[in-house]
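The values are calculated or read from the model by the stated rules, or taken from the named source; none is laboratory data. Computed from a prediction, not measured in an experiment: that's the story for all the values here. Note: ideal-geometry Cβ built from the backbone for every residue, glycine included; neighbour counts use all protein chains shown.
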Amino acid sequence: MSSPVAAAPRTPRRPVRMPLWDNARFVAITLVVMGHAILKLIAESDPAYGVYLFIYAFHVPVFVAVAGYFAKATPPGVKQLKKLVTDLVLPYLIFEVIWTIVRALVTGRFNPDLATPSWTLWFLLALIIWRVALPYLALLRFPLLIAVVISVASGYLPAIGSVFALDRTLALLPFFVLGWKLRMLPVTTLWTELPLRRVWWWRAGAIAVFAALALVIATNVPLWRELKVRRVLLFEEAYPEFGYDQWWAGGLRLAAIALAVLLVFSFLVLMPRRATWISPLGQATLYVYLLHSFVLYPIRESGWLDVPRDDLLLIGMMLFSILLTLALTSRPVRRVFRPLVEPRAEWLFARGDEKITPRVGAD
């Protein structure tokens, strides 16, 4: 017998967040800020150069893989297309205009160029392209292998250049696809349910990997400078642009990809599986990414960092990076800058699907 009382409509459940990924986001964005903060020091300081290489061996691949984990390979609907515009396209345009104005004030030259991203904004353009391309890649039989081939092959083509960040977009594509593939597999669930005693064996292995990386870098810094390893790890320029025009130059990027994959997994293994105090902060990484450069830019351009080797300055900038990251994830900062970082822009969209989807057979 049916109840005379109508059942209340069910409220759709919000997706359950996995703290592992929020923890990884926060640590990764802290390393992004740190890498940018110490860049000016690496020319004169071997320790700074070593720290820079250590960070760049994995932190951008981690950030890209985490973005890929949350990407969808299904054809985008209206809601997804709107989010693409509000989450990526509009922030890119807003902050590119701001950077254009900043450069004009500093240099006295107004030179707007929306096709060539300023400093950190390349990541937004890359995300747009990766998200649009993923449904097509997912149709293929070996998307990860194809992404690796595209990455390695793009390094032979200097003509690709940095317009619309195509150089880095193609070079880092394997890590985005890797993140998406991880979501297709029950890896995260298996890892979060693994008994703690077994987790620590994996973490001991990850610590050994990072310790070996640090040791190799620290004992051979002059060699890494000579081999221009930093420019390999940037996943940016074509090989001939930094002195590698041999046929085997693609092997450098392939080796960098293989190393980064190992380090990505090692990094994730070391992340706390449960919620921690940094987990909520990991949900605000876009604020850090878009805003930290406005703090570092005047420091870099002022000449404060143009000093001879100073290990205390290196340590100071690393600590400052952590504090800056914490500050930019705070609620007051998010409240003030939300209209720029997360513009809603409902006024921009047509109302109702009928205005978005054209009618078949319309006059």
Next on the checklist: Looking at 252, 270, 263, 281 in this structure, which one is within 20 Å of residue 322 (Cα to Cα) and surrounded by 19 or more Cβ atoms within 10 Å (Cβ to Cβ)?
Outcome noted: 281
Checklist entry - Name the residues in region 160-197 that are of a type in the set (D, E, K, R) and touching a Leu at 6+ places or on another chain (Cβ under 7 Å), would you? => result 181
Checklist entry - Across region 330-352, what is the total count of residues that are over 28 Å from residue 81 (Cβ atoms) and touching a residue at least 40 places away in the same chain (Cβ under 8 Å)? => result 1
Next on the checklist: Can you pull out every residue in region 238-268 that is among the aromatic types (Phe, Trp, Tyr) and in a helix (DSSP H, G or I)?
Outcome noted: 239, 242, 247, 248, 265, 267
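For region 148-166, enumerate the residues that are under 23 Å from residue 92 (Cβ atoms) and either under 15 Å from the mean Cα position of the chain (by Cα) or among the hydrophobic types (A, V, I, L, M, F, W, C) (or both).
Scanning region 148-166 gives 150, 160, 163, 164, 165, 166.
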Checklist entry - Where in region 1-86 are the helices (runs of 4 or more DSSP H), entirely inside, with at least 3 residues that are small (Gly, Ala, Ser) and either under 21 Å from the mean Cα position of the chain (by Cα) or at pLDDT below 85 (or both)? => result 19-37, 59-69
Checklist entry - So, of the residues in region 102-160 that are outside any helix (DSSP H, G or I) and among the small types (Gly, Ala, Ser), which turns out to be surrounded by the most Cβ atoms within 10 Å (Cβ to Cβ)? => result 155
Checklist outcome for this item: Checked region 64-109 for anything of a type in the set (Ser, Thr, Tyr) and either in contact (Cβ under 8 Å) with a residue 12 or more places away in the chain or in contact with a Gly (Cβ under 8 Å, 6 or more places away or on another chain) (or both); matches are 69, 74, 86, 92, 100
Next on the checklist: Any residue that is under 24 Å from residue 119 (Cα atoms), β-branched (Val, Ile, Thr) and at pLDDT 95 or above - is there at least one of those in region 200-208?
Outcome noted: no
Item to check | Filtered residues of region 296-345 (kept if assigned to a helix (DSSP H, G or I) and basic (Lys, Arg)) | outcome: 300, 331, 334, 335, 338
Checklist entry - Can you name every residue in region 182-239 that is closer than 20 Å to residue 155 by Cα, crowded, with 16+ Cβ neighbours inside 10 Å and free of Cβ contacts under 8 Å to residues at least 60 places away in the same chain? => result 231, 232
